[in-house]
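To start, the structure itself, in structure tokens.
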Amino acid sequence: MTRRSILKYAFAGIAAIVLTLVVGWWQVDGPGAPEQAGLRPVALSEMEFRLTDHEGNEVGPENLIGSPSMVFFGFTYCPDVCPTTLSDISGWLDDLGEEAEGMNVVFITVDPERDTVEAMAEYVGYFHPSIRGWTGPEEEIARAAQGFRARYGRVPTEGGDYTMNHTASVFLFDAKGRFSTMIDYHEPREFAVPKIRRALNRETGGQHEN
Amino acid sequence: MKTVLYGLMAASMFASSTATPVEAGSEDVVVEDAWARASIGVNRPGVAYMTIRNTGDEAVILTGLRTDLAMMPDIHQTSTNADGVSSMAPAGEIEIAPGESVSLEPGGLHAMLMRLQRPMAKGESFSLTLDFSDGGEIVVEVPILGIAARGPES
């Protein structure tokens, strides 16, 4: 084999790899990616939504950049999953103590019809003081859920009431707003705290890079 | 002929007595670790949890709940699918095999207390009646813990 033909093969090989990577990117992360649940949330810097926190302040994804964040979706008329998640989060925050100081912890309602600013304020008051409750117009909740790749839906119940199905995972982001990982519902507590610690420590990693 | 008839009658009597299963004794049911979460007002549904243990030799079937605290108490099941989406649905009748127990616990089965008649205040308790298919009932006094409670007080 001449040197020229070796080069030719090498070039063809590299071209094939590059093509595979491009096609892969197009299908997985690029414009060719299918819209489906189970995808990772986008970075907070790429999200756009305007909501109101439980103290009446206007908030958006930019409020979550600068410190690590923990975000989850739910609704205050939820008797089982949401108070359980909120008390789990309160427990994780207690376990982490000072380590979690400054972390953004946000509960976004998927039921803005019933979860007004006042309802959110009353509800989050029963849990860890770091937990913030965000609500807002239905379209803005939908935009937020889209960014987090969270899903929700209204389900009528007997007697004319309704309940909400919703993604029950807790999303973790580092201080730069990059998605770190999520804590699934039912995940044992001993896995949750180390995951939060990882999101918290990515902040330190980022600082070292600078 | 008479003897045959008597024989048939005896057989059918025997058959009917064995075909009808001995109704499970709800007196063999033990309820442990009952607790509920406090409510905010009466608009949101309340929730209660417990472990129901069948210490008898026959299966028992829990058919419903009654309490003066809520107009529509019912057992619901929370489930979370592969995409992480949680949903809730009535669980229907619950059969508990002999020697087995069923746990009503956060994220699974729970007594959903719809249409609260009064707020559920932390530190108080309420009576919840469990109805079984044999017509028996068990009255449980359920302590109300804080909204952020994670389990029964040990």
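The values are calculated or read from the model by the stated rules, or taken from the named source; none is laboratory data. Everything quoted here is computed from the prediction, not taken from an experiment. Heads up, the Cβs are rebuilt from the backbone with ideal geometry, glycines too, and the neighbour counts pull from every protein chain shown. Just so you know, the surface numbers come from the protein's heavy atoms only, side chains and all, with ligands and any DNA or RNA stripped out. Shrake-Rupley method; radii C 1.70, N 1.55, O 1.52, S 1.80 Å.
Mind listing whichever residues of the range A:106-122 are within 14 Å of chain B (Cβ to nearest Cβ) and either open to solvent by 10 Å² or more (accessible area, probe 1.4 Å) or not in a helix (DSSP H, G or I) (or both)?
Hits for the range A:106-122 are A:Phe107, A:Thr109, A:Val110, A:Asp111, A:Glu113, A:Arg114, A:Asp115, A:Thr116, A:Glu118, A:Ala119, A:Ala121, A:Glu122.
Okay, residues lined up against (1) modelled with pLDDT of 95 or more; (2) within 14 Å of chain A (Cβ to nearest Cβ); (3) assigned to a strand (DSSP E or B):
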site: B:Thr78; (1), (2), (3): no, yes, yes
site: B:Met114; (1), (2), (3): no, yes, yes
site: B:Lys122; (1), (2), (3): yes, yes, no
site: B:Gly135; (1), (2), (3): no, no, no
site: B:Val140; (1), (2), (3): yes, no, yes
site: B:Pro143; (1), (2), (3): yes, no, yes
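Residue check: is A:Pro129 assigned to a helix (DSSP H, G or I) and either of a type in the set (A, V, I, L, M) or within 20 Å of A:Ala192 (Cβ to Cβ) (or both)?
No; evaluated as a whole, the condition is false for this residue.
Assess whether B:Asp83 counts as being modelled with pLDDT under 95 and either more than 13 Å from chain A (Cβ to nearest Cβ) or open to solvent by 20 Å² or more (accessible area, probe 1.4 Å) (or both).
Yes: the conditions hold for B:Asp83.
If you scan the range B:86-99, which residues turn out to be open to solvent by 50 Å² or more (accessible area, probe 1.4 Å) and either facing chain A (nearest Cβ under 7 Å) or outside any loop (DSSP other than H, G, I, E, B) (or both)?
Result: B:Pro90, B:Glu95.
Mind checking which strands (runs of 3 or more DSSP E) fall wholly inside the range A:150-207 and carry at least 1 residues that are over 19 Å from the mean Cα position of the chain (by Cα) and more than 10 Å from every other protein chain (Cβ to nearest Cβ)?
Strands (runs of 3 or more DSSP E) meeting the threshold: A:152-156, A:162-167.
Against the condition over 19 Å from A:Pro79 (Cβ atoms), of a type in the set (Val, Ile, Thr) and open to solvent by less than 70 Å² (accessible area, probe 1.4 Å), how does B:Val102 come out, does it pass?
no
Tally time: how many residues in the range A:45-86 are of a type outside the set (S, T, N, Q), open to solvent by 30 Å² or more (accessible area, probe 1.4 Å) and either free of Cβ contacts under 8 Å to residues at least 12 places away in the same chain or not in a loop (DSSP other than H, G, I, E, B) (or both)?
Selection size over the range A:45-86: 3.
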